Amino acid sequence: MTTLRLGDTAPDFTQDSTAGTIRFHEWLGNSWGVLFSHPKDFTPVCTTELGYTAKLKPQFDKRNVKVLAVSVDPVTDHNKWASDIQETQGTAVNFPILGDPDRKVADLYDMIHPNASDTLTVRSVFFIDPKKKIRAMITYPASTGRNFEEIVRVLDSLQLNDSHSVATPVNWKYGEDVIIPPSIQDPEVIKQKFPKGYKALKPYLRVTPQPNL
Ligand code: BEZ
């Protein structure tokens, strides 16, 4: 197993899922990807996470993001659990869940942290861009359900960074002012990239209206 770091190519794999066999890179195509692990099927926190993720599908679609869940349980269990998720969370699971009983994906992505659990995956999230590069990672323990609005927020930040060369400040939400990185200094480039102007609170702290709105 190699340590995965930001900027690394997301490891490719072929694995079974609730939507049939998935060849990861091929399945991603030109989309962004969110690959996230949950510890176990038929558990309470995971049930709420997968239901909420399904409800966010329009948000992921709008951003050209494919979502893929994984746990070390088999696909047969995922299929049975999906009806519980539908019943209790009020939504069908509308994205694939990988069955990973041989831990192929869990090991490739270092999702089992033995000092947390020898057998269960932690709550990992990998944000993968259309070039298959890992752009962000989040890791939570089994007892803490993730904030999937945060996952959408991170996607917005990454996509704005790609499209408009901006960074996003603390607690930024879509539509709020963004930051011009210190690496951009050429006044002509600034004028062209940020036609709405900017405020320099310090030479290194320059804020500008979100440029794509
Ligand atoms: C849960 O999803 O609720 C959960 C899963 C594994 C361990 C503890 C909690």
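Assess whether residue 39 counts as being modelled with pLDDT of 95 or more, open to solvent by 60 Å² or more (accessible area, probe 1.4 Å), within 16 Å of the ligand (Cβ to nearest atom) and outside any helix (DSSP H, G or I).
Working: modelled with pLDDT of 95 or more: yes; open to solvent by 60 Å² or more (accessible area, probe 1.4 Å): no; within 16 Å of the ligand (Cβ to nearest atom): yes; outside any helix (DSSP H, G or I): yes.
It is false that residue 39 is modelled with pLDDT of 95 or more, open to solvent by 60 Å² or more (accessible area, probe 1.4 Å), within 16 Å of the ligand (Cβ to nearest atom) and outside any helix (DSSP H, G or I).
Can you tell me which residue is nearest to the ligand (Cβ to nearest atom) among those in region 42-62 that are outside any loop (DSSP other than H, G, I, E, B) and open to solvent by less than 30 Å² (accessible area, probe 1.4 Å)? It would help to see each step written out before you state the result.
Initially, region 42-62 is screened for residues outside any loop (DSSP other than H, G, I, E, B), giving 44-55, 57-62.
Imposing the further condition that a residue be open to solvent by less than 30 Å² (accessible area, probe 1.4 Å) reduces the set to 46-47, 49-51, 53-54, 60.
On the way: 46: 4, 47: 7, 49: 7, 50: 10, 51: 12, 53: 13, 54: 16, 60: 21 Å.
Top of the filtered list is 46.
Have a look at 162, 186 and point out the one that is under 27 Å from the mean Cα position of the chain (by Cα), open to solvent by less than 90 Å² (accessible area, probe 1.4 Å) and among the acidic types (Asp, Glu).
Numbers: 186 fails: under 27 Å from the mean Cα position of the chain (by Cα).
Exactly one residue qualifies, and that residue is 162.
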Output the number of the condition that residue 148 fails; it satisfies all remaining conditions of (1) open to solvent by 20 Å² or more (accessible area, probe 1.4 Å); (2) within 16 Å of the ligand (Cβ to nearest atom); (3) under 13 Å from the mean Cα position of the chain (by Cα). (1)
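Looking at residue 116, is it closer than 23 Å to residue 2 by Cβ, among the aliphatic types (A, V, I, L, M) and either within 14 Å of the ligand (Cβ to nearest atom) or open to solvent by 10 Å² or more (accessible area, probe 1.4 Å) (or both)? Give the steps one after another, and end with the answer.
Details: closer than 23 Å to residue 2 by Cβ: yes; among the aliphatic types (A, V, I, L, M): yes; either within 14 Å of the ligand (Cβ to nearest atom) or open to solvent by 10 Å² or more (accessible area, probe 1.4 Å) (or both): yes.
Judged against the criteria, residue 116 is a match.
The values are calculated or read from the model by the stated rules, or taken from the named source; none is laboratory data. Computed from a prediction, not measured in an experiment: that's the story for all the values here. When we count neighbours, we look across all protein chains shown, and the Cβ atoms used for this are built from the backbone with ideal geometry, even at glycine. Ligands, DNA and RNA are excluded from the accessible area calculation, which covers all protein heavy atoms including side chains. Shrake-Rupley method; radii C 1.70, N 1.55, O 1.52, S 1.80 Å.
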